[in-house]
């Protein structure tokens, strides 16, 4: 099969196309003909820092059609249209026919094409797990409370705002620093927008709001002192980035809870993996019902080593709004 990957860490220009072997299916695996992919920050981080064992195939978001099933698969059949975010320990979706455990796979939204559908899985899983696993909210809960989403115009923030507004009672405050990103988070449904390049605590005082929950999606180390200042006592901070040397001692007087969200934990440790299939199917149904909207803002016409490198470079710029998608190698 065709695949795009890298042989050594370095810039996006290290990405090349070559032939690779089709994966051998595990008992609960699906072999998927990938027709749409998206690029996420994790792709960039791994390409720059993790030396591959031979030819490293990245990519975790995908939408495509099942072409083969393992002997213990029960939930899907050949011909089913699916979408998923996969497993960081396995070869990725920048290939014609990757394999994925069926428990991590949802049914593709019928109202979206394959590339558009591929823009949702990883970010939707991350946002869902942040709300319901990290914050331990129940659906419908949070009335009278508020959620601050820092760096809300990216892929995770875009779907997190929507899920919080549709499935909880939380008031959502989104941070964005440019006019176009502020307009975007309002489109996603944010109740209030503040600028994370300004004095966030002062802006929240002007709104007379004290967040009970903070979703720290980017630059947590830069914002940490302010987060501790502005959050409510016994509040909860969940983060997805990798701050270096975070000093958590200032969080003690407010008895804050701090947790990481990492959507690959379930697949890495094989814990309640079916939860991801269930939430992806729920998100798919909400998209088809028009309750959620696509977060895709950029799409390429073809998937090549060059177009994929360009997408990686855009991720590295830190200025991507929503999600960027490309056709899959089986499109």
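For this structure, a couple of remarks:
- Mean residue ellipticity, 222 nm, helices only, the chain: the sum of -39500 (n - 2.57) across DSSP H runs of n ≥ 4, divided by residue count and rounded to 500, is -8500 deg cm²/dmol.
- As a proxy for reagent exposure, ranking 129, 316, 19 by other Cβ atoms within 10 Å from fewest up yields 19, 316, 129.
- The slack in the chain from residue 254 to residue 9, taken as 0.36 nm per residue of separation less the alpha-carbon distance, amounts to 84.0 nm.
- Folded to 0 to 90 degrees: helix 155-167 orientation relative to the chain principal axis, Cα: 70 degrees
- For the chain, DSSP calls about 55 percent of its internal beta bridges antiparallel.
- Sorted by Cβ density within 10 Å, fewest first, the residues 123, 226: 226, 123
- Cβ crowding within 10 Å ranks 24, 126, 171 as 24, 171, 126, fewest other Cβ atoms first.
- As computed over segment 6-109, the Cα convex hull volume per residue (Å³): 94 Å³
- Here the ratio of the Cα radius of gyration of segment 123-162 to 2.2 N^0.38 Å is 1.12.
- Spatial separation of Cα centroids for segment 1-63 and segment 152-212, in angstrom: 33 Å
- Between 0 and 90°, nearest 10: helix 274-288 axis offset from the chain longest Cα axis: 80 degrees
- Averaging 1/r over each pair of different alpha-carbon atoms in segment 255-306 and inverting the result gives 14.6 Å, the Kirkwood hydrodynamic radius.
- The alpha carbons of segment 123-260 stretch over 37, 32, 29 Å along the principal axes, in descending order.
- Largest first, the three principal axis extents of the alpha carbons in segment 1-65 are 33, 22, 20 Å in whole numbers.
- The C-alpha radius of gyration of segment 280-331, expressed as a fraction of 2.2 N^0.38 Å, stands at 1.37.
- Contact order relative to length of the chain, as percent, for alpha carbon pairs under 8 angstrom and 6 or more apart: 22 percent
- Of the beta bridges in segment 123-260, as assigned by DSSP with both residues counted there, near 0 percent are antiparallel.
- Folded to 0 to 90 degrees: helix 305-317 orientation relative to the chain principal axis, Cα: 10 degrees
- A Stokes-Einstein calculation at 25 °C with viscosity 0.890 mPa s, built on the Kirkwood radius of segment 210-321 over Cα pairs, returns a diffusion coefficient of 140 µm²/s.
- Treating each Cα of segment 105-172 as an identical point scatterer and summing with the Debye formula, the log10 of I(q)/I(0) at q = 0.12, 0.18, 0.25 Å⁻¹ comes to -0.33, -0.69, -1.11.
Just so you know, all these numbers are worked out from the coordinates, no wet-lab data involved. Since we're looking at a predicted model, the values are computed, not measured. We place every Cβ from the backbone using ideal geometry, glycine too, and count neighbours over all the protein chains shown.
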